[in-house]
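Worksheet for the structure shown next.
The values are calculated or read from the model by the stated rules, or taken from the named source; none is laboratory data. Computed from a prediction, not measured in an experiment: that's the story for all the values here. Here the Cβ positions follow ideal geometry from the backbone for every residue, glycine too, while neighbour counts run over all protein chains shown. Accessible surface areas use protein heavy atoms only, side chains included; no ligands, DNA or RNA. Shrake-Rupley method; radii C 1.70, N 1.55, O 1.52, S 1.80 Å.
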Amino acid sequence: MIDETLTMIPGPTPVHRRILESLAAPTVSHLAPEFVAAYRGALDGFRRLGRTSDGQPVIIAGGGTLSMEMALVNLVRPGDKVLVVSQGYFGDRYAELAEAFGCETRVLRSEWGRAVAPEEVEKALSGGSFRAVTMTHVDTSTGTEAPVEDYCSLLEDRDELAILDGVCATGGIDERVEDWGVDALVTAPQKAIGAPPGVAMCLFSRRALERRRELGRIAAYYADLLRWLPVMEDPSRYYSTPCVNEIFAVAAALDIVHREGLDVRFARHRRLAAALRAGLAALGFTSFTAADRLAPTLSVQLYPDGIEDGAFRTALASRGVVVAGGLGPAAGRAFRLGHMGNIGAAEVVATLEAIGAALSDLGAEQETGVALTAAAAVLGEVG
Ligand code: PMP
């Protein structure tokens, strides 16, 4: 029996003890050499996570939405055309942001649980040009991984800037910023990176930096990339007091990411996702998300007949596991299970055991044992 609540929502995710300890350390000066070194390490770790040698990382106090805003406000002017490729709630958020900044938006929306076909993006691009195209790697509302590499390849040799929301992917799914031609990867640490929430993280391409310079004065101060640039190049400089402990935590989280190794980490995410899904299928759950678009970072699972959403999540919480409710068309019909960051097989087993027990509490007849066997078969696979 687990002795603490296991937070299996799609972010924030469980935080490793080493990372928690960095948060509890005394808050030092933002100019202290150990802090400057940690900030530098976090920036470098983020750049390597995006697999770019010359990309410009930015990490500042904030959150995923600030990252999204920062990319937009530094790369796009009011009145510019922006193509938004959306497969759910967070894709739509990019449309709202672009509208808030006075952009002319064209939104390509998929049905929830599916992704926009690259052919649709191609068609939109053949009909005109845009300043930027926004895309969501994994939409946390639907559990859908979009074919972002395909979208990006359509932008090769074109002027549109590729803005990729990696909030629910970075650290759990490969994101080859340089090879794919991503101009701004916008993300946050509280999901697959495994640190607590509290910072905005953006990785800009050289082309994006040039475009920012071409814009001159923009209607932003805290979110102005050019004002932060001196700090990102030399973290001993001051612009606005950094969140010292949170940066230590992000540095520790990125150190864990690189110690594990990117390829190993991404394979672990795929393996744990498959194990959980095998276990849930054995318990009678079915996937809300289309089978060919399942994200390695979270699952949206439809309830077996007779299981009521509120009662299930309450029973599960009393068994020590917290999951999230469905959104949009999945509301009341499905729950959302995060499986990213620094979790392992122990969390998979604990989650399936608790879900099996919660179903029994509600009078269902499913056997937890079959779920554990199904999951174990996947966990035991080599590779
Ligand atoms: N994009 C995606 C895909 C997300 O899942 C989230 C948060 N759940 C955000 C953006 C916004 O991040 P934040 O809540 O940190 O502002």
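Number of residues in segment 94-111 that are within 16 Å of the ligand (Cβ to nearest atom), open to solvent by 60 Å² or more (accessible area, probe 1.4 Å) and touching a helix residue (DSSP H, G or I) at 6+ places or on another chain (Cβ under 9 Å): the value is 2. Quick check: is even one residue across segment 288-300 assigned to a helix (DSSP H, G or I) and in contact (Cβ under 8 Å) with a residue 60 or more places away in the chain? The answer is yes, given that some residue of segment 288-300 is assigned to a helix (DSSP H, G or I) and in contact (Cβ under 8 Å) with a residue 60 or more places away in the chain.
Out of curiosity, is residue 380 over 28 Å from residue 190 (Cβ atoms) and surrounded by fewer than 17 Cβ atoms within 10 Å (Cβ to Cβ)? It is true that residue 380 is over 28 Å from residue 190 (Cβ atoms) and surrounded by fewer than 17 Cβ atoms within 10 Å (Cβ to Cβ).
Within segment 48-71, the only residue that satisfies the criterion of being assigned to a helix (DSSP H, G or I), open to solvent by less than 10 Å² (accessible area, probe 1.4 Å) and away from the ligand (no atom under 13 Å from the Cβ) is 49. Here segment 191-222 is the region considered, the condition is being crowded, with 24+ Cβ neighbours inside 10 Å and in a loop (DSSP other than H, G, I, E, B), and the residue that is nearest to the ligand (Cβ to nearest atom) is 191. Residue 90 falls short on exactly one of the conditions (1) open to solvent by less than 30 Å² (accessible area, probe 1.4 Å); (2) within 18 Å of residue 202 (Cβ to Cβ); (3) within 11 Å of the ligand (Cβ to nearest atom), and that condition is (1). Every condition in (1) farther than 21 Å from residue 259 by Cβ; (2) in a loop (DSSP other than H, G, I, E, B); (3) in contact (Cβ under 8 Å) with a residue 40 or more places away in the chain holds for residue 157 except the one numbered (3). Taking the numbered list (1) within 11 Å of the ligand (Cβ to nearest atom); (2) open to solvent by 10 Å² or more (accessible area, probe 1.4 Å); (3) not β-branched (Val, Ile, Thr) in turn, residue 130 passes all entries but (1). Scanning segment 144-154 for residues that are part of a loop (DSSP other than H, G, I, E, B) and either within 11 Å of the ligand (Cβ to nearest atom) or without any contact (Cβ under 8 Å) to a residue 12 or more places away in the chain (or both) returns a single hit, 146. No other residue among 252, 278, 315, 273 is closer than 26 Å to residue 113 by Cα, open to solvent by less than 20 Å² (accessible area, probe 1.4 Å) and assigned to a helix (DSSP H, G or I) apart from 273.
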